[in-house]
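All remarks here apply to the structure that follows.
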């Protein structure tokens, strides 16, 4: 039988690994570990340095680049090992994801256990995975030239592609788990789609906030500072003005703050409109879980901001964004034909 349970488990395993990858990526970012490995060796880079001489070689290579020269010039070898670990494990998990997707896919092809639609979707997944790996290295390269930090645009591309790859993998798995779906109001389905798009935009601006370290300023809520809903620096950091909202720390945080209200309102609107529909059990549960997830995510975002981005809360905020995207993907699937 094509598209059997093994195929579903394979896809869900991929989802889980991408989830772990994003968590480790968040830790890597928050611990400023992402530029600790300045080269890329697909095979030999799988193993970390195995002795003191190899560790010293890795450290000497790190010393050749701006992050060490401008920021970490007093770093010891032992401190370097700490940041090296997170970047190394992040890359190892990326390789593991590639193997988990490629080899079972070949096996299922040989055993003819995949339907033609699933084969087409699997090729898209492989393409997304390869593109994600490329974006990871493309992002790292941006921090090895003059500015000892990665481009926030490239960081956003890397993170958003990971989220999209996860969502599409989950969608393919859901197609196999729930082959039949109940038709629902077209206008409501469009509302769910619009909300998902807004959530993805919010995730992009969340990556901008992370890439620009914009969470360490304006650590007040609900106003950006005492008495100001919109801080004066929001529109004066960059020229022309629109650049403030994609390149200025204050402007990027401003967008991320108020777009969060938009996501909450849209999900609450979905819940309110769904009361008038004849829903299945899973459709009802999907909406209920979305409401719960968005409330938790909003609260986490507030505390992450006012406490100046402690690592634990920063990771939890990113994890909850992942859960929220999963919930939106499941909800859209339940309300699509």
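Any read-out appearing in this document is the output of simple, stated calculations on the displayed coordinates, not a laboratory observation. Only a predicted model underlies this, so the values are computations on that prediction, with no experimental measurement involved. Cβ atoms come from the backbone with ideal geometry, glycine included; neighbour counts cover every protein chain shown.
Would you mind calculating the gained length between residue 237 and residue 12 on full extension (0.36 nm times residue separation, minus the Cα-Cα distance), in nm to one decimal? Walk me through the numbers before you get to the answer.
On the way: separation 225, 0.36 × 225 = 81.00 nm, distance 4.39 nm.
Stretched out fully, the residue 237 to residue 12 stretch lengthens by 76.6 nm.
Summarising the overall dimensions of region 1-179 from its C-alpha atoms, the Rg and Dmax are 18.6, 61 angstrom.
Estimated at 0.36 nm per residue, the fully extended path between residue 96 and residue 189 surpasses their Cα-Cα distance by 29.9 nm. Label separation (residue 226 vs residue 78): 4.3 nm, computed from points 7 Å beyond Cα along the C-beta direction.
Summarising the label geometry, the points placed 7 Å from Cα in the beta-carbon direction at residue 39 and residue 291 lie 5.7 nm from one another. In this rough spin-label picture, where each label sits 7 Å from Cα along the Cβ direction, the residue 4-residue 216 distance is 5.4 nm.
Run the numbers for residue 112 and residue 319: contour at 0.36 nm per residue of separation, minus the present Cα-Cα distance, in nm.
Details: separation 207, 0.36 × 207 = 74.52 nm, distance 3.59 nm.
Length gained, residue 112 through residue 319: 70.9 nm.
From the coordinates of this entry, Rg/Rh (Cα atoms, Kirkwood Rh) is computed, and it appears in (i) 1.00; (ii) 0.93; (iii) 1.02 under the label (i). If R0 equals 41 Å, the separation of the Cβ atoms of residue 147 and residue 264 corresponds to a calculated FRET efficiency of about 0.75. Taking the chain as a Gaussian network of alpha-carbon nodes connected by springs under 10 Å, the highest mean-square fluctuation of the residues 178, 153, 62 belongs to 178.
Mean residue ellipticity at 222 nm from the helices of the chain, using -39,500 (n - 2.57) per DSSP H segment of n ≥ 4 over the full residue count, to the nearest 500 deg cm²/dmol?
Working: 10 runs with 229 residues, N = 337.
Theoretical 222 nm ellipticity from helices: -24000 deg cm²/dmol.
Largest mean-square fluctuation among 32, 73, 90, in a Gaussian network model of the chain whose springs join Cα atoms under 10 Å apart, belongs to 73. Scaling the Cα radius of gyration of region 182-337 by the globular reference 2.2 N^0.38 Å produces a ratio of 1.13.
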